[in-house]
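Colleague: Pasting a structure below so you can have a look.
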Amino acid sequence: MLVYIAGSGAMGCRFGYQLSKTNHRVILLDNWEDHIAAISENGLQVTGDVEDCVRLPIMKPTEATEIADLIILLPKADQLPKMLQDIRGIIGENTKVLSLLNGLGHATTMRRYLAQENIMVGVTIWLAGLKGPGQAFLQGTGSLSVQNMVGDGDAVAPIIEMFNEAGLNASYDDNVIEAIWRKACVNGVMNPTCAVLDCTIGELFGTEAGLNLVQHIYDEFIAVAQSEAEGIDKQAIWVYIMETSKKASSHYPSMHQDLIQHKRRTEIDYLNGAVVFKGKRAGIPTPYCQMITDMIHAKEAMLGLR
Ligand code: NAD
C-alpha cells in the first residue's frame, strides 16, 4: 500500500514511524519548512520508549503526485480544510482518507472535499510529542478504532491489518462516533480548564471547585452527545474520565502545551466550541462550554493568534 501521512507533526510522526516498520510505503506530508529540512537531511529521530532514526520521504502536500491507497489526516483541526484542498491530486477513485484528529465535526469538513466512499473516521488514544523539528518523542501504548463511512469493515480489513502489523492496535468499530464523543468528553473537560487555570490534570481534579467545573462541562457534552449519537453511556464515560485523570494527573493537557507553553492556536472550536454550536442547533443550553470557549478565544486574541 502507498500511505501518506497528511500532517506529520507529533502524531503523524508516530504513525509514520510505526508504519515504516512494515512492508508498506510511507510518505510524510507537511508544511513546516524546518521539519521537512530536518527529516530530509537527518531522518526522523525517535526518542522515548525507543531510540531510533528512520529515513522517510517528506514533502509539502502540494508536491505529492502518486495516487494514494490511504491518506491518514493528522493536521491540527484548523489546518484540515487547507490540507484537504492540497491533497486533491493524490486522491483516486479507490483512495481511502482517514481522519484521526481529536474533536468533533471533521467528517462534515471531509464531505465538502471528498466523496463519501473515500471517507473513514477514527479516533486514537496513542500519544506523541515533538522535541523539535524532525524529533519525535514517543512513549506509552495506545489503540485506534476506525469506521468506513460507506460499506462495512471487510472493505478496509487490509488497512486494519497494516495498522496491526505496525503495532498500532487497530480495530473496526461500527459506531466509532461513540468513541469520538468519549475522547471529546475527556479533552473537553480537561484541556481548556487546565489551559485557563494553568494547572495539571491532577491539580484540576484535586480541588472541589475544579471538579465542579469539570462536571458542569461534562453534563453539557453528554446532553449534546446523546442528542446526536447512539450508545452514549454517561456513567461509563465519567468513570473513564476519572481513570484518565488519575493516570495522567501530573500531565499538562495538549491545549495547555499549545496555548500556554508554545503560544499556538488551539482546537477549542472543535471541542467545547463545537458543543456550543451543536447545542444551539438542538436547543440544549451550554453556558459552561460557551464561557470556557470565550476564555480560550480571549487568550488566543491576547497572544495575537486570532
Ligand atoms: P502537532 O502540533 O504536533 O502537528 C500538527 C501540525 O503542526 C503539523 O503539520 C506540524 O508540522 C505543525 N507544527 C507542529 N509544531 C510546529 C511548529 N513549532 N512550527 C510550525 N509548525 C508546527 O499536532 P499533533 O499533536 O500531531 O496533533 C495532530 C492531531 O492529532 C490533532 O487533532 C490532535 O488533537 C490529535 N491527537 C494528538 C495526540 C498527541 O498525543 N499528540 C493524540 C491524539 C490525537
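Colleague: Suppose the filter is of a type in the set (Ser, Thr, Tyr), touching a strand residue (DSSP E or B) at 6+ places or on another chain (Cβ under 9 Å) and on the phi < 0 side of the Ramachandran plot; does THR109 pass it? So that I can check it myself, show each step before the final result.
Modeller: Working: of a type in the set (Ser, Thr, Tyr): yes; touching a strand residue (DSSP E or B) at 6+ places or on another chain (Cβ under 9 Å): yes; on the phi < 0 side of the Ramachandran plot: yes.
Against the criterion (of a type in the set (Ser, Thr, Tyr), touching a strand residue (DSSP E or B) at 6+ places or on another chain (Cβ under 9 Å) and on the phi < 0 side of the Ramachandran plot), THR109 qualifies.
Colleague: Specify which of the listed residues (VAL176, VAL189) is of a type outside the set (Asp, Glu), over 25 Å from ASP258 (Cα atoms) and open to solvent by less than 50 Å² (accessible area, probe 1.4 Å).
Modeller: Working: VAL189 fails: over 25 Å from ASP258 (Cα atoms).
Criteria check complete, one pass: VAL176.
Colleague: Go through the range 56-80 and report how many residues are over 26 Å from GLU267 (Cα atoms), part of a loop (DSSP other than H, G, I, E, B) and open to solvent by 50 Å² or more (accessible area, probe 1.4 Å).
Modeller: Applying the first criterion (over 26 Å from GLU267 (Cα atoms)) to the range 56-80 yields 56-57, 63-69.
Of the ones still in play, those that are also part of a loop (DSSP other than H, G, I, E, B) are 56-57, 64-69.
Restricting the remaining residues to those that are open to solvent by 50 Å² or more (accessible area, probe 1.4 Å) gives 57, 65-67, 69.
Adding up the residues that qualify gives 5.
Colleague: Sticking with this one: Run down ALA38, ALA6 and say which single residue is surrounded by fewer than 20 Cβ atoms within 10 Å (Cβ to Cβ) and touching a residue at least 40 places away in the same chain (Cβ under 8 Å). I'd like the intermediate steps shown before the answer.
Modeller: Working: ALA6 fails: surrounded by fewer than 20 Cβ atoms within 10 Å (Cβ to Cβ).
That would be ALA38, the only listed residue that is surrounded by fewer than 20 Cβ atoms within 10 Å (Cβ to Cβ) and touching a residue at least 40 places away in the same chain (Cβ under 8 Å).
Colleague: List the number of the failed condition for GLY12; all other conditions in (1) within 11 Å of the ligand (Cβ to nearest atom); (2) surrounded by fewer than 23 Cβ atoms within 10 Å (Cβ to Cβ); (3) within 27 Å of GLN147 (Cα to Cα) hold.
Modeller: (2)
Colleague: Quick one: which of MET83, MET1 is surrounded by 18 or more Cβ atoms within 10 Å (Cβ to Cβ) and either within 11 Å of the ligand (Cβ to nearest atom) or modelled with pLDDT of 95 or more (or both)?
Modeller: Exactly one residue qualifies, and that residue is MET83.
Colleague: Being of a type in the set (A, V, I, L, M, F, W, C) and open to solvent by 60 Å² or more (accessible area, probe 1.4 Å), is that true of even one residue in the range 211-218? Break it down into steps so the answer makes sense when it comes.
Modeller: Going residue by residue through the range 211-218, those that are of a type in the set (A, V, I, L, M, F, W, C) are 211, 213-214, 217.
Now restrict to residues that are open to solvent by 60 Å² or more (accessible area, probe 1.4 Å): none.
Within the range 211-218, not a single residue is of a type in the set (A, V, I, L, M, F, W, C) and open to solvent by 60 Å² or more (accessible area, probe 1.4 Å).
Colleague: Looking only at the range 15-30, filter to residues that are near the ligand (Cβ under 10 Å from one of its atoms) and touching a residue at least 40 places away in the same chain (Cβ under 8 Å); which one of those is farthest from THR95 (Cα to Cα)? Don't jump to the end; show me each part of the working.
Modeller: Start the filter on the range 15-30 by keeping residues that are near the ligand (Cβ under 10 Å from one of its atoms), which leaves 15, 28-30.
Pick out the ones that are also touching a residue at least 40 places away in the same chain (Cβ under 8 Å) and you get 15, 29.
Values: PHE15: 18, LEU29: 16 Å.
Once the filter is applied, the top-ranked residue is PHE15.
Colleague: Can you give me the number of residues within the range 109-148 that are more than 14 Å from the ligand (Cβ to nearest atom), surrounded by fewer than 20 Cβ atoms within 10 Å (Cβ to Cβ) and either assigned to a loop (DSSP other than H, G, I, E, B) or within 15 Å of the chain's Cα centre (by Cα) (or both)?
Modeller: 1
Colleague: Kindly check whether there is at least one residue in the range 168-186 that is over 22 Å from HIS106 (Cβ atoms), free of Cβ contacts under 8 Å to residues at least 60 places away in the same chain and part of a helix (DSSP H, G or I).
Modeller: The answer is no; no qualifying residue exists.
The values are calculated or read from the model by the stated rules, or taken from the named source; none is laboratory data. Since the structure is predicted, the reported quantities are computational estimates derived from the model, not experimental observations. Positions of Cβ are backbone-derived with ideal geometry, glycine not excepted, and every protein chain shown enters the neighbour counts. Accessible surface areas use protein heavy atoms only, side chains included; no ligands, DNA or RNA. Shrake-Rupley method; radii C 1.70, N 1.55, O 1.52, S 1.80 Å.
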